[in-house]
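Here's the structure we're looking at; comments come further down.
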Amino acid sequence: MPQPGALGAPRRLFLDTAMSTIPLTTTGAELLRQELHRLKTVERPNAITAIAEARTHGDLSENAEYDAAKERQGFIEARIKEIESKLSNAQVIDPKVVDADGRCVFGATVDLEEMKGGESVTYQIVGDDEADIKKGKISIGSPIARALIGRSAGDQVEVQTPGGVRKYEVLEVRYE
């Protein structure tokens, strides 16, 4: 039998998060639990109902409504499996109880000032699933978060961004 990855070998798809822990804030974990509950109690039953209704329309081989309902069910089931996997591998961190002696760590809220223009920004360092730049939440894997980890108020940080190097001063680090 050929080695995995060799030409003609069977392909196996694995989630990147299959065996590693996923950092989540308590808020992020709760949002995933709420989404999982909604998928199981609302979306899944709706998909089953849509499939049953589409079956009543006759020949399944030419029934676009049936195909669409089955595809939607597939997406819902895949998302349920993904969320369950993330929650089972999650390391939930409550930023309020973190004691990092004023250093930037996962879950910390950081006030920054751009050295060049003096623009102030506030970010919370969160997991990949929680990241939302419009809400001031940046992923732990982002260039800014990676540059901030371990820094304290008063430190200056250089961040390599797609638009070039940006320099920031850390004004305050909070755990909220």
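The values are calculated or read from the model by the stated rules, or taken from the named source; none is laboratory data. On a predicted model such as this, the values are computed, not experimentally measured, just so you know. Using ideal geometry, Cβ is built from the backbone for each residue, glycine included, and neighbour counts are taken over all protein chains shown.
Taking the criterion of being within 30 Å of PHE106 (Cβ to Cβ) and surrounded by 12 or more Cβ atoms within 10 Å (Cβ to Cβ), the residues of region 77-92 that qualify are ARG79, ILE80, GLU82, ILE83, GLU84, SER85, LYS86, LEU87, ASN89, ALA90, GLN91, VAL92. If only residues of region 129-176 that are closer than 16 Å to PRO95 by Cα and of a type in the set (Asp, Glu) are counted, the one that is surrounded by the most Cβ atoms within 10 Å (Cβ to Cβ) is GLU130. Among all positions in region 44-55, there is no residue which is within 21 Å of SER85 (Cβ to Cβ), touching a Phe, Trp or Tyr at 6+ places or on another chain (Cβ under 7 Å) and modelled with pLDDT of 90 or more.
Taking the conditions exactly as written (more than 24 Å from the chain's Cα centre (by Cα) and either among the hydrophobic types (A, V, I, L, M, F, W, C) or loosely packed, with under 15 Cβ neighbours inside 10 Å (or both)), does GLU71 satisfy them or not?
When the stated conditions are applied, GLU71 does not pass them.
Within region 97-119, the set of residues being closer than 15 Å to GLY154 by Cα and among the charged types (D, E, K, R) comprises ASP101, ARG103, ASP111, GLU113, GLU114.
The residue that is farthest from GLY127 (Cα to Cα), among those in region 19-33 that are part of a helix (DSSP H, G or I) and of a type outside the set (A, V, I, L, M, F, W, C), is ARG33. Against the criterion of being out of contact with any Gly (no Cβ under 8 Å at 6 or more places or on another chain) and modelled with pLDDT under 90, GLY74 does not qualify. Scanning region 30-48 for residues that are in contact with a helix residue (DSSP H, G or I) (Cβ under 9 Å, 6 or more places away or on another chain) and either loosely packed, with under 12 Cβ neighbours inside 10 Å or in contact (Cβ under 8 Å) with a residue 24 or more places away in the chain (or both) yields a count of 10.
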